[in-house]
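The values are calculated or read from the model by the stated rules, or taken from the named source; none is laboratory data. Just so it is clear, the model here is predicted, and its values are computed rather than measured. Neighbour counts run over all protein chains shown; Cβ positions are idealised from the backbone, glycine included. Side chains are part of the model used for accessible areas, which takes the heavy atoms of the whole protein and leaves out ligands, DNA and RNA. Shrake-Rupley method; radii C 1.70, N 1.55, O 1.52, S 1.80 Å.
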Amino acid sequence: MGRPPLDRRRGRRPGHRPRLGRLRRRPGGVVRELHRVDLMGATREDGLSWYRGGTLAACDEWVGPGFDACRAVEGLDLDVDTLERLWREALALPGPEGPHVWLHGDLRPANLLARDGKLHAVIDFGALSIGFPDAEHASVWDLPPEARHAYWETLALDTPTWLRARAWAIAVAVAGIPYYWDTFPAFAAECRSRLEAVLS
């Protein structure tokens, strides 16, 4: 399987994860405000294009083989068939039609700093880009269920957007697990946790 373009700046402290268990509405509010920022005339053609701001179909070439690669990972113990079905169902949905927005691009747990159960800061804007917001919402599957529901309510996401966001969460994780299983186990564990949340 070819490596997907997802391994930007992985130099995190092994095993580091913020304490996200009590987070409520703040993550959704941060994303909402970022997506409201004026583009000031900038476009994806201005060097601000990344795959996560595009469409699911454009990524199927490297996501598709990821399912078989995950099936070959000894000890993974995930329902890969269901994950692949959810991915295929999302591919059949109409693509996003809304305007492009500013994207953080990498809202994984290591980039969300929490204090006393509240989101304190969002860091690492090295993947800042412009595009459709669907992939940005994939980060909700790194949050606990209550915070995930609050995120959905805060942004008032419609069902197709939610399903495409879930597919993005699946895409990055199924590509990351086989690639990083031996070389970056902390990140592989993060991906696995995300897929477990999707399946639950």
inquiry  = Which of Phe125, Phe187, Phe67 ends up with the largest GNM mean-square fluctuation for the chain, with Cα atoms connected below 10 Å?
reply    = Phe125
query = So what is the accessible area of the range 23-116 per residue, in Å², with the probe set to 1.4 Å?
reply = 53
ask   = When the C-alpha atoms of the range 96-200 are aligned to their principal axes, what extent does each axis show, in angstrom, from largest down?
value = 39, 33, 31
request  = Would you compute the Debye intensity of the chain from its alpha-carbon atoms alone, equal scatterers and no solvent, and pass along log10 I(q)/I(0) at q = 0.09, 0.14 Å⁻¹ to two decimals?
outcome  = -0.31, -0.79
query = Pick from Pro109, Pro94, Pro144: which is most flexible by mean-square fluctuation in a GNM of the chain where alpha carbon atoms under 10 Å apart are linked?
reply = Pro94
Trypsin sites (Lys or Arg not before Pro) lying in DSSP loop within the range 24-77, provided at most 16 other Cβ fall within 10 Å = Arg25
message = Which residues among the range 160-200 fall inside the zone where the amide N is under 16 Å from a point 7 Å beyond the Cα of Glu74, along Cα→Cβ?
response = 178, 181-183
